[in-house]
Every structure is written in C-alpha cells, then in structure tokens.
Amino acid sequence: MDKNTRIAFLGLGTMGAPMAKRVLTAGYPLTVWNRTAERAAALGAEGAQVAATPADAVRDADVVITMLADPAAVLDVVADLAPALRPGTRLIEASTIGPDALTKVTGLLPDGVAVIDSPVMGSVDRAAAGELSLLVGGDADEVLSLLELFGTVTRTGPAGSGAALKLVLINAVIGGVAVIGEALALSDALGLPEDLVKASMAGSLLGGIAGRAFAKGVHYPIRLAAKDVALASAVADLPLAKTVHDRLTAFPEAADEDLARIVDHLRA
Ligand SMILES: NC(=O)c1ccc[n+]([C@@H]2O[C@H](COP(=O)([O-])OP(=O)(O)OC[C@H]3O[C@@H](n4cnc5c(N)ncnc54)[C@H](OP(=O)(O)O)[C@@H]3O)[C@@H](O)[C@H]2O)c1
C-alpha cells in the first residue's frame, strides 16, 4: 500500500484513538470520525481530517477501519456509511463483534466493497506501541502493511474466521482471570499471604493469565468483557461462561473498570 492510500478511521475510544494515531504518524492521509466529536479533536490538531458523519468520513477513502464498542454500534455506523462507499474500498472491521455480526456487516455493504475482519488481542498499552496481535480473516493481502502498523498479523482464513478466533481467545482469557479471582478468594480463606500466592502463580503454568489478572496500564472494561462472554454464549452452550457473565455483571458500579479489578470484586 502506498502512502497516498486514503484511510478513514471510525471509533476513537480507548483502542481506536492510539491505533488511528499510528496511521497518522505513518504518514497516510487520515480522516477520522467519532460519535462524541470532542474525542476526535486531538487527532484533528495533529493533522487528521475530522468528519462530521460516518458517510463524510468514508466518501473519499480507499480503506475504512471501524473500531467500535459492540455489534450494535458497528451495525449502526456501517449502515450510515455504506451508501457513501466507492467500489474497490476495503472495510477493516477491528472491533470484537463475533462472526454473526460480521456477516450482517457484510450484508450492508454495496457490491465491490470487501470486508476484512481484524479483531485484536492486547489492550491500550500495546495499541499505542503497535504491538497488538491481529486475527485477520478474509482477503487482506493488499492491506497487510497497514495492519502491520498495529502489530503482528495472524491470517486465520476466510472472512469471519478472525472474528471467531477472537471470541475463543478472549473468552479463555476472561474465564482465566475469573478463576484467578476465585483462587485468591480461596487463598484468603486459607490465610495465605497474598505476595506468596501471587509469586507462586507467576512461576507456575498460571503465569500468563496471572499476569493479565494483575496487569496495570491496561484498560479493557468489565462491560466489554461481559459483552464478549455474551457473544460467545450466543453461539454455543457454555455453562462456565454463563457463570462468568453473572459475576462480571454483578458489580455494575465496576463496569468501566479494567477486567483485572474483577479479581478484587470476587475476593471481597
Ligand atoms: N479496551 C481493550 O483493551 C480492548 C482490547 C481488545 C479489543 N477491544 C475491543 O475493541 C473494541 C473497542 O474497544 P475500546 O476499549 O476502544 O472501547 P471504548 O473505549 O468503549 O470505545 C468505544 C467506541 O465505540 C463508540 N461507540 C459506542 N457505541 C456507539 C454507537 N452506538 N454508535 C457509534 N459509536 C459508538 C464510542 O464512541 P463515543 O466516544 O461517542 O462513546 C467509542 O468510539 C471493542 O469491541 C472491544 O471489545 C478492546
């Protein structure tokens, strides 16, 4: 992809803002849109065009990237922008919405517009550093260099396969963090020192998931984790996931806290 390729980025939340910034820093002409307009101001000041509507954002774009909260947000925004897309434009859908919603997104697009699913693993720290793990489904050959701005690309197969693998991976992570929370509750009941338990976890097979359960500088809100567990439960019978969803939604005051805080809530 040459550096004249025009990129539109829609959704400048916790993840979208640092990802869009990487596109701008790499030198691509960038147009951004966000529902809450103030969140686009910083990128506007750094040289991005700020569009007033999703359709205005994509009218001249060669590649459109969406990074929005959930299936409802993506479907609303894509319905708004679809009539303004030109044939040959590619839509990279980076949010976590699952394969069924991705199929609905595809159904909204005019002929000649291809969709690539590219959900990401990793939080805001890795988004800013360009160190996300991208799970890329569909014909992504011509946008690989753009995707590699965000991190490491794993090609997963046809469109929808990245969205599907993302649900598998993130649900295993969320369930693992919940299990760590209960393990801490058990160690509290047994009177074990927290430092000993955490160090023992870090040095065991649990190391990776314990690292996420006690992570700092990341922000994957409990509300988005609950959304991702609900997406998984909609496609398969997952009794443990139902329990995890109950626990994630049992602390509504914590919905905007990072997933790691569920450990504290489960211990309390
Ligand atoms: N946070 C993480 O660590 C992380 C990691 C990997 C993947 N993800 C996934 O990446 C996606 C974005 O996550 P995030 O953390 O950036 O979320 P976020 O901070 O909550 O941002 C969500 C974005 O979606 C927009 N939005 C929400 N509802 C909308 C609607 N109905 N119409 C139009 N725009 C709407 C928000 O606009 P406003 O600014 O107007 O609210 C904002 O731009 C999610 O699917 C999430 O599951 C997140």
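The values are calculated or read from the model by the stated rules, or taken from the named source; none is laboratory data. Everything numeric in this text was worked out from a predicted model, so none of it was measured. No Cβ is skipped: glycine too gets one built from the backbone with ideal geometry, and neighbour counts run over all protein chains shown.
Are any of the residues in the stretch 118-135 away from the ligand (no atom under 15 Å from the Cβ) and either modelled with pLDDT of 95 or more or closer than 28 Å to residue 84 by Cβ (or both)? No, that holds for no residue. Within the stretch 143-166, the set of residues being at negative phi and assigned to a strand (DSSP E or B) comprises 152, 153, 154, 155, 156.
Of all the numbered requirements in (1) polar (S, T, N, Q); (2) more than 16 Å from the ligand (Cβ to nearest atom); (3) touching a Leu at 6+ places or on another chain (Cβ under 8 Å), residue 145 misses one, and that requirement is (3).
A quick yes/no check of all residues on (1) under 18 Å from residue 230 (Cα atoms); (2) among the aliphatic types (A, V, I, L, M):
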position: 117; (1), (2): no, no
position: 138; (1), (2): no, no
position: 144; (1), (2): no, yes
position: 152; (1), (2): no, no
position: 159; (1), (2): no, yes
position: 162; (1), (2): yes, no
position: 166; (1), (2): yes, no
position: 185; (1), (2): no, yes
position: 193; (1), (2): no, no
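Set side by side, the residues 204, 233 differ, and just one is within 16 Å of residue 183 (Cα to Cα) and either assigned by TED's automatic domain parsing to the domain that holds residue 98 or among the hydroxyl-bearing types (Ser, Thr, Tyr) (or both), which is 204. Being in the same structural domain as residue 67 (by TED's automatic domain parsing), over 15 Å from the mean Cα position of the chain (by Cα) and modelled with pLDDT of 95 or more is a property that residue 144 has.
Residue-wise test of (1) modelled with pLDDT of 95 or more; (2) touching a Leu at 6+ places or on another chain (Cβ under 6 Å); (3) of a type outside the set (A, V, I, L, M, F, W, C); (4) under 24 Å from residue 13 (Cα atoms).
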{"site": "164", "(1), (2), (3), (4)": "yes, no, no, yes"}
{"site": "169", "(1), (2), (3), (4)": "yes, no, no, yes"}
{"site": "184", "(1), (2), (3), (4)": "yes, no, no, no"}
{"site": "193", "(1), (2), (3), (4)": "yes, no, yes, no"}
{"site": "198", "(1), (2), (3), (4)": "yes, no, yes, no"}
{"site": "201", "(1), (2), (3), (4)": "yes, no, no, no"}
{"site": "210", "(1), (2), (3), (4)": "yes, no, no, no"}
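Mind checking whether some residue in the stretch 63-75 is at pLDDT 95 or above, in contact with a Gly (Cβ under 7 Å, 6 or more places away or on another chain) and β-branched (Val, Ile, Thr)? Scanning the stretch 63-75, I find at least one residue that is at pLDDT 95 or above, in contact with a Gly (Cβ under 7 Å, 6 or more places away or on another chain) and β-branched (Val, Ile, Thr), so the answer is yes.
In the set 37, 94, 51, 82, only one residue is in the same structural domain as residue 138 (by TED's automatic domain parsing) and under 26 Å from residue 169 (Cα atoms); that residue is 94. Residue 208 falls short on exactly one of the conditions (1) free of Cβ contacts under 8 Å to residues at least 24 places away in the same chain; (2) surrounded by fewer than 13 Cβ atoms within 10 Å (Cβ to Cβ); (3) farther than 26 Å from residue 127 by Cα, and that condition is (3). Number of residues in the stretch 66-93 that are within 7 Å of the ligand (Cβ to nearest atom) and either aliphatic (A, V, I, L, M) or farther than 18 Å from residue 51 by Cα (or both) equals 7.
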